[in-house]
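**Student:** Before anything else, here's the structure in question.
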Amino acid sequence: MVTPTRGVLRRNRDFRRFWAGHTASVVGSQVTAVALPLLASLTLGAGAAGVAVIATASYLPNLLLPLLIGHWLQRRRRRPVMIGADLVRAGTLAVVPVAYLLGFLSVPLLVVVALVVGAASVVFEIGSFAYVPSLVDDTDLADANRATQGSTTAAQVAGPGLAGGLTQLAGPPLAVALDAVSYLASALGVAGARRVEPAPPREDAGGILDGLRVIAVNPWLRALTTHATIYNAASQIVTVNLVVLMVTDRGLSPGLFGLALSAAGAGALVGTLASTRLAERLGYGRAFAAALLLSTGTPLLIAALPGSGGALAAGLAGVQFTAGIGLGVANVLSVTLRQVVIPRGNLARSGGGYRVLIYGALPLGSALGGVLGHGAGSRVGVAVGTAGLAVSAVPMLTRRIRGLRTPQQARTDPAGAAPTETAPAGGPPTAVRR
């Protein structure tokens, strides 16, 4: 069967330019997350406390700003705002090498830089979520999300290594300067997309909480958000305890532990690339269910992994790779389902509301993971966290969701009535859960 969604990068020049800019942006974000703490540690001699403050500052805008940014973006064209966000990030990072050369670089300055860059990244990412549906046709939306999620996953895999390599070869200040250039490249790519973006509504009486209301009243969005929130909290419980269990309690070397964890990124890239074909073969809902069985079920094996040394690392890598495949598929399907179901007039607000909830779960999960690990031990902490991952899949395994053939069925069935199992298959549909 010939599918109209194949080759959106090849056929759609506007999307291709946007995707190139998006790719430069996510690579820059990953490099920034590593380069700024390295700069503080290697150049300024900052200790763990200083590095932690910088890392917290870069993360904090994800908790404080999404509702405000989503509401603000709802009344504006997204493309010029995204270009502006890239220019802000580039200009802010350019301050760092200048401050280094002039001798006034400091940890407080890096904290401010991390806050500003983090805030601009929130603007760019919420804008991107709301902008893509206006850039491509509905039949190309799945393929477009596969492309953007693929570059995001690849950046997450390669970004830390790239940041470390740039820091070693060029020095921390120059690495940050090169990172600033990546955001300029992103701005040029986004600016190159010439397809006219629809004007925002002139009359918009919606409030700042409307995005949360849309999620609360729509059964599809409610299930997705409940799943992603529980998943992210549980993943932090696992993360906090896994390093103690594997390295401290079971004697796995840090090098082998790091290699085992990197398998998750490789698996996520495979899953991202396979997502639309899997949905085409199985149907949208069944593909989503299969992805969740991998991403939330496989980690249950971690606490019971036998062996030590290389055998233990290989077992952990196998679990991480398999779960990563499911995560890659699920992220693509989730983004597309939200873009299809959310009314076009509420994409930015709802994207902001969704982001607040799923990112807000991360510090709660970290705190709970610390309490569990301290009180009951790291093995219990990992077991509880992986059980939470499995529980997170439950809202997405209902018959009505499994019966979806395409995400468009969810848009035409907003009340959540079960779609017919015999509906003809359409074109292919289309963290941390996204």
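**Student:** Can you find a residue in the stretch 214-230 that is charged (D, E, K, R), closer than 24 Å to Asn145 by Cβ, surrounded by fewer than 17 Cβ atoms within 10 Å (Cβ to Cβ) and at pLDDT 90 or above?
**Tutor:** yes
**Student:** What residue, among those in the stretch 315-336 that are within 18 Å of Gly351 (Cβ to Cβ) and touching a Leu at 6+ places or on another chain (Cβ under 7 Å), is surrounded by the fewest Cβ atoms within 10 Å (Cβ to Cβ)?
**Tutor:** If we take residues in the stretch 315-336 being within 18 Å of Gly351 (Cβ to Cβ) and touching a Leu at 6+ places or on another chain (Cβ under 7 Å), then Ser334 is surrounded by the fewest Cβ atoms within 10 Å (Cβ to Cβ).
**Student:** If you take just the helices (runs of 4 or more DSSP H) that sit entirely in the stretch 44-141, which of them hold at least 3 residues that are among the basic types (Lys, Arg)?
**Tutor:** So the answer is 78-102.
Here is a yes/no grid of residues against (1) surrounded by fewer than 21 Cβ atoms within 10 Å (Cβ to Cβ); (2) of a type in the set (D, E, K, R); (3) outside the structural domain of Val116 (by TED's automatic domain parsing); (4) under 18 Å from His22 (Cα atoms):
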site: Leu174; (1), (2), (3), (4): yes, no, no, no
site: Tyr183; (1), (2), (3), (4): no, no, no, yes
site: Ala187; (1), (2), (3), (4): no, no, no, yes
site: Ala199; (1), (2), (3), (4): yes, no, yes, no
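**Student:** Going by what's in this entry, would Leu312 be described as under 19 Å from Glu125 (Cβ atoms) and assigned to a helix (DSSP H, G or I)? Give the steps one after another, and end with the answer.
**Tutor:** Numbers: under 19 Å from Glu125 (Cβ atoms): no; assigned to a helix (DSSP H, G or I): yes.
Taking the combined requirement at face value, the residue does not satisfy it.
**Student:** Out of all the residues in the stretch 413-420, is one or more at pLDDT below 85, farther than 22 Å from Val214 by Cα and buried (at least 24 other Cβ atoms within 10 Å of the Cβ)?
**Tutor:** no
**Student:** Now, a different point. What are the pairs with Cβ atoms under 9 angstrom where one residue, in the stretch 386-403, is of a type outside the set (Phe, Trp, Tyr) and the other, located anywhere, is in a loop (DSSP other than H, G, I, E, B) and surrounded by 16 or more Cβ atoms within 10 Å (Cβ to Cβ)? Sequence gap at least six, or different chains.
**Tutor:** These pairs meet every condition: Ser392/Arg433; Arg400/Asp413; Arg400/Pro419; Arg402/Gly283; Gly403/Gly283; Gly403/Pro419.
**Student:** How many residues does the stretch 237-261 contain that are in contact with a Pro (Cβ under 9 Å, 6 or more places away or on another chain) and closer than 15 Å to Ala323 by Cβ?
**Tutor:** 1
**Student:** Could you please find all residues in the stretch 84-115 being closer than 28 Å to Gly345 by Cα and surrounded by fewer than 21 Cβ atoms within 10 Å (Cβ to Cβ)? Walk me through how you get there before you give the answer.
**Tutor:** In the first step, residues of the stretch 84-115 are kept if they are closer than 28 Å to Gly345 by Cα; the result is 84-89.
Hits for the stretch 84-115 are Gly84, Leu87, Val88.
**Student:** Which one of these is on the phi > 0 side of the Ramachandran plot and in the same structural domain as Phe321 (by TED's automatic domain parsing): Gly258, Gly265, Gly251?
**Tutor:** Gly251
**Student:** Across the stretch 291-310, what is the total count of residues that are surrounded by fewer than 19 Cβ atoms within 10 Å (Cβ to Cβ) and more than 25 Å from Ala376 (Cβ to Cβ)?
**Tutor:** Final tally of qualifying residues: 3.
**Student:** Still on this model: Applying the selection to the stretch 379-412, what residues are assigned to a helix (DSSP H, G or I) and modelled with pLDDT under 85?
**Tutor:** Within the stretch 379-412, Gln408, Gln409, Ala410, Arg411, Thr412 meet the criteria.
**Student:** Pull up the stretch 337-380, narrow it to residues that are of a type in the set (Ser, Thr, Tyr) and surrounded by 24 or more Cβ atoms within 10 Å (Cβ to Cβ), then point me to the one that is farthest from Arg286 (Cα to Cα).
**Tutor:** Ser350
**Student:** Take the conditions closer than 25 Å to Leu347 by Cβ and modelled with pLDDT of 85 or more and apply them to Arg76. Does it pass?
**Tutor:** No, not satisfied.
**Student:** Next question, about the same structure. Could you check the stretch 43-83 and list, in sequence order, the residues that are crowded, with 17+ Cβ neighbours inside 10 Å and of a type in the set (Phe, Trp, Tyr)?
**Tutor:** Hit for the stretch 43-83 is Trp72, nothing else.
**Student:** Identify, from the list Ala40, Ala57, Ala48, the residue that is more than 19 Å from Leu141 (Cα to Cα), among the small types (Gly, Ala, Ser) and modelled with pLDDT under 80. Talk me through it step by step, then tell me what you get.
**Tutor:** Details: Ala40 fails: modelled with pLDDT under 80; Ala57 fails: modelled with pLDDT under 80.
Answer to the selection: Ala48.
The values are calculated or read from the model by the stated rules, or taken from the named source; none is laboratory data. Small disclaimer: the values here were computed from a predicted structure and weren't measured. Quick reminder, even Gly has a Cβ in these numbers, built from the backbone with ideal geometry, and neighbours come from all protein chains shown.
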